[in-house]
1. Hey, got the dipole for the stretch 67-141? About the Cα centre, +1 on K and R Cβ, -1 on D and E Cβ, debye to the nearest 20?
2. Along Cα→Cβ, 7 Å out, is where each label goes; now give me the distance between the ones at Asn92 and Thr24 in nm to one decimal.
3. Given the -39500 (n - 2.57) contribution per DSSP H run of 4+ residues, what per-residue ellipticity at 222 nm results for the chain, rounded to the nearest 500 deg cm²/dmol?
4. Under a crude label model (7 Å from the Cα following the beta-carbon direction), how far is Phe127 from Asp59 in nanometres?
5. Determine, from the Cβ-Cβ distance of Gln35 and Arg155 and an R0 of 30 Å, the FRET efficiency 1/(1 + (r/R0)^6), rounded to the nearest 0.05.
6. Considering only Ala76, Ser21, Leu143, whose Cα is most displaced toward the positive end of the charge dipole of the chain, charges sitting on Cβ of Lys, Arg (+1) and Asp, Glu (-1)?
7. For the stretch 1-46, run through the GluC sites (Glu not before Pro) and keep only the ones in DSSP coil with at most 16 other Cβ atoms within 10 Å of their Cβ.
Amino acid sequence: MSEELSIFDIKILEQLQKDCSVSTVELADIVGLSQSPCWRRLQRLKDDGYIRQQVAILDREKLGYGLHIFAYVKVARLSEKDREVFLRKVQNTPEILECYSIFGEMDLMMKILAKSMKWYQEFLMDFLLNLPGVENVNSTATLGELKSTTAIPVRGNIAL
């Protein structure tokens, strides 16, 4: 963790991870600052890139996405053009929430939201297996969600 972060910066970041809809007045009260210094700290945290964006977290099940699928993808060596096409298609597919390059037998791990197993089967056959260079896909469907958070531990080893 950066040494530039003060105790107040950490409190601001923690609070925004809980609820970013609070006003600057409310935020200042929660973290123990007056409004102007709180606003300045908040702007600095944004300018310095600690806060990339502020979003609403939606209920996926209410929107019809009942499953998380982890797809492990093996990709052949791609030309620069095919790599660009592959990345653009992955980035423009909203059901693919995350995509990581990984060590091991497979090359990529994707976290995919699926409406049903039938939906995923069609997605797999019509989209994933047709991406440039895709040789193989191994999929794991989750049974239930035991923990899900977007919060990053900002306190580290600091005892506050």
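1. The calculated dipole for the stretch 67-141 is roughly 100 debye.
2. Roughly 3.9 nm, to one decimal.
3. Working: 5 runs with 55 residues, N = 160.
Computed ellipticity for the chain at 222 nm equals -10500 deg cm²/dmol.
4. The two pseudo-label positions are separated by 2.4 nm.
5. Numbers: r = 24 Å, r/R0 = 0.80.
Computed FRET efficiency for Gln35 and Arg155: 0.80.
6. Result: Ser21.
7. Working: sites: Glu3, Glu4, Glu14, Glu26; in loops: Glu3, Glu4.
Passing sites in the stretch 1-46 are Glu3, Glu4.
Rule-based calculations on the coordinates, nothing more; no lab input. Remember, it's a predicted structure, so these values are computed and weren't measured experimentally. All Cβ positions, even for glycine, are placed from backbone atoms using ideal geometry, and neighbour counts span all protein chains on display.
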